[in-house]
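Structure first, then comments.
Only the coordinates and a few stated rules stand behind these numbers; no lab work does. What you see is a predicted model, and the numbers here were worked out from it, not measured in a lab. Glycine also receives a Cβ, built like all others from the backbone with ideal geometry; neighbour counts cover every protein chain displayed.
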């Protein structure tokens, strides 16, 4: 079973009697549909742009874990605290918990000292994320290759935070946007884009019979920009 320890990820816990109501009102993910899986989501600007992306899962009664990039975790935590106001919820980093990803037929095999959940973004291959467990290395390069081959975009690698709408990076297709839930930050823009079909950018998989240019290279057709290589 191939696996990789994701050293570039961090966890933020949100718990308390108001935790679900608080998160449901600000995040794109519909927490009413969150069961036994890690689902993608985002915290948006009022203009609908992605400020923070993550995977969210339940970690207990009235408790959630947010699996995000380690280099944005502190900023994400501060933004959550800004929105919390008087909500009865505790927000904290969990730096002692490791994040490991595994894929293949046995990807959901449980470890006694970890929580294993399906990564809901993947449809063609079984992928699980493990929270806890032993410190192991695995093959991070193979994990990145699998992610790219399945068209799963992540900020930093494939797009810049503050520059993309959820539709641009396929969050509408991977379960990261709840179109039947109530309001959340940036919801009006995202809903309008969904119902009018006005998304101008989408993530596509690019392959070639030769080495591709470096990530960030602008792609052109007849001198006209058509995209950027992730």
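Miscellaneous remarks
- Expected 222 nm ellipticity per residue - DSSP helices of 4 or more, -39500 (n - 2.57), all of the chain, to 500: -5000 deg cm²/dmol
- Cα-based shape type of the stretch 133-229, given that a ≥ b ≥ c are square roots of the gyration tensor eigenvalues and the cut on a/c is 1.5: oblate
- Gyration tensor (alpha-carbon) shape descriptor, the stretch 15-85, a/c threshold 1.5: rounded
- Whole-percent P(r), the stretch 133-182, all Cα pairs, 5 Å bins from 0: 4, 16, 21, 19, 16, 12, 8, 3, 0.
- Its relative contact order, with pairs defined as Cα atoms under 8 Å and 6+ residues apart, puts the chain at 26 percent.
- Each of 204, 44 was scored by other Cβ atoms within 10 Å of its Cβ. Arranged with the fewest first, they read 204, 44.
- Once the convex hull of all Cα atoms in the chain is built, its volume per residue stands at 134 Å³.
- Cα centroid of the stretch 205-222 to Cα centroid of the stretch 125-150, whole Å: 25 Å
- Residue order for 21, 167, 195, fewest other beta carbons within 10 angstrom first, comes to 195, 21, 167.
- Fewest-first sequence of 205, 12 by Cβ atoms within 10 Å of each Cβ: 205, 12
- Estimated FRET transfer efficiency (residue 160, residue 205; beta-carbon r; R0 22 Å; 0.05): 0.65
- Overall shape: oblate for the stretch 85-194, with the ratio a/c of the largest to smallest alpha carbon gyration tensor axis at 1.5 or above and b/c at least equal to a/b.
- The stretch between residue 180 and residue 196, if pulled fully straight at 0.36 nm per residue, gains 4.2 nm over its current Cα-Cα span.
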